[in-house]
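Data block below; observations after.
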Amino acid sequence: MSAPMYVSTRGGGAPVPFEAALLRGLAPDGGLYVPTAVPAMPDGWDAPGSFADLAARVLAPWLPDVDGLDALVADALPFPIPVVDLDWNGVSVAELFHGPTLSFKDVGARTMARLVGRAQREPVTILVATSGDTGSAVADGFAGVPGVRVVLMYPDGGVSDVQARQLTAPRPGVVALAVQGTFDDCQRLAKEAFAAGIPGLSSANSINVGRLLPQMTYHALAARERPGAVVVVPSGNLGNLTAGVLARTMGAPISAFVAAHNANDGFARFLADGTAPTGPSRQTLSNAMDVGAPSNLERLRALVPDLAGLVRAETVTDDETLATMRAVHDATGYVADPHTAVGLTAARRLRERGDARPVVVLATAHPAKFPEAVARATGAAPPVPPALDLPAADPEAVIAPTLDTLVDWL
Ligand SMILES: *Cc1c(COP(=O)(O)O)cnc(C)c1O
């Protein structure tokens, strides 16, 4: 079985193997890498077993050349993905937040870090723009990988207190920079740095195929546990949704997707009238989804010609998010974080339209990462789990949102 090759969404250049796409991040013509073919699920992919076992089976046809893939995946993903039925609108949640930084981004980042550690031959600097969860997941995932530095950029004042502590926690080989701007400024800076061709620079944002592919695995798990479900994906840059679409194309039994957005409704407008979303982003309670111009939209369009037939987008206000957190807590005692609650709100709308299919909402972050919002909604902040019991620390620097300032740190 030969491994899929990857081409740019903009059509430039010859197809490249996985390792080249992994180490480059963005294609040389500025496009995103997409696979030239999507392999089918291997026989027995949905056999009973741990999340890591299932993940290794789902990834095997994508990475046939990676020796010891099972061990790599077992080391990256030693945590469960519980699927919990809520006694609320017949909705289930797949809890993706049991990794070390309590965000679903641990799945992609930890797997990618091990793939990069194995593939790299020259020192690499991973440049990450983060609206909160990516940075700590990437920093945690890569810390200690020889030959790899990580430079994190996050919007100064645009992340929660807990997220700031996680981002600035001292880690070997990791530099955290607070950027005087929004998440979109951070993303623009990353794009400019990559376009400038700085040697040894790579990305770990959800544009990187090294994060995208592992994210298929929990969509497959959700489909194994609730076959035929509509999967509701709390969305920002649409990486998570894109991975779900790939898992479904492989053959995971997912009937449709709902992209659940906060006030940043660019994707919903795109589906409605075809206008490509542009920034700026708006700040909301679900700040990891505060994205004005979702970077994976270009890839999603390349992979799915008829997006509107497969994906529906819902937009949810902060007031609705808080009301859902409160309603779910009152009805069931379950505490959802604001990102998950955006998804739960979208799930309830499916029911209100009479959709009777199973529904799995991806729970993308642990509620303890958002204590203020949880306290507002339920009257009490959640207990702090050990993984979040971190001291406050300063970033390495606060920088102006310009490439010149950033380059000094690369
Ligand atoms: C990153 C993130 C999202 C959005 O995921 P995308 O892949 O960017 O669409 C949703 N929820 C949480 C908690 C996140 O950290």
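Here, each number is a calculation from the coordinates, and none is a lab measurement. Everything quoted here is computed from the prediction, not taken from an experiment. Heads up, the Cβs are rebuilt from the backbone with ideal geometry, glycines too, and the neighbour counts pull from every protein chain shown.
May I ask you to order 39-49, 320-330 by the average number of other C-beta atoms within 10 Å around their residues, highest value first? Spell out each step's value before the answer.
Details: 39-49: 13.5, 320-330: 20.2.
Most protected by this proxy first, the peptides run 320-330, 39-49.
Separation of region 49-93 and region 350-410, taken as the distance between their Cα centroids, equals 22 angstrom. If both residues of a DSSP beta bridge must be in the chain, then about 20% of such bridges are antiparallel. Based solely on its DSSP helices, what 222 nm [θ] is calculated for the chain when runs of n ≥ 4 H residues each add -39,500 (n - 2.57) and the sum is averaged over all residues, nearest 500 deg cm²/dmol? Counting only the DSSP helices, I get -11500 deg cm²/dmol. Residue order for 278, 378, 402, fewest other beta carbons within 10 angstrom first, comes to 278, 402, 378.
Within a 10 angstrom radius of the beta carbon, how do 409, 88 rank from fewest other beta carbons to most?
Numbers: 409 16, 88 20.
Starting with the residue having the fewest Cβ neighbours, the order is 409, 88.
Any chance you could tell me what percent of the C-alpha pair distances in region 1-140 go past 20 Å? Of the Cα pairs, 57 percent sit more than 20 Å apart.
Scoring 98-110, 240-252 by mean Cβ neighbours within 10 Å over their residues and listing the highest first yields 98-110, 240-252.
Over the chain, what is the relative contact order in whole percent, taking alpha-carbon pairs under 8 Å and six or more residues apart? Don't jump to the answer; show the numbers that get you there.
On the way: 894 pairs, mean separation 77.4, N = 410.
Relative CO of the chain lands at 19 percent.
Volume per residue for region 197-352 equals 134 cubic angstrom (convex hull of Cα atoms).
When the convex hull of the Cα atoms of region 136-253 is projected onto a plane and the area is averaged over all directions, what value comes out in nm²? Show your work: numbers first, answer last.
Numbers: hull surface 35.3 nm².
So the Cα hull casts an average projection of 8.8 nm².
Rg/Rh for the chain: what does it come to with C-alpha atoms and Rh from Kirkwood? Provide the component values of the computation, followed by the final result.
Working: Rg = 19.5 Å, Rh = 21.0 Å.
When Rh is taken as the Kirkwood radius, the ratio is 0.93.
Length available on full extension from residue 2 to residue 29: 0.36 nm per residue minus the Cα-Cα distance, which gives 7.2 nm. Given R0 = 56 Å, the distance between the Cβ atoms of residue 306 and residue 407 translates into a calculated FRET efficiency of 0.85. Each 10 Å bin from zero up to the one holding the largest Cα-Cα distance in region 280-360 carries the following percent of pairs: 16, 40, 35, 10, 0.
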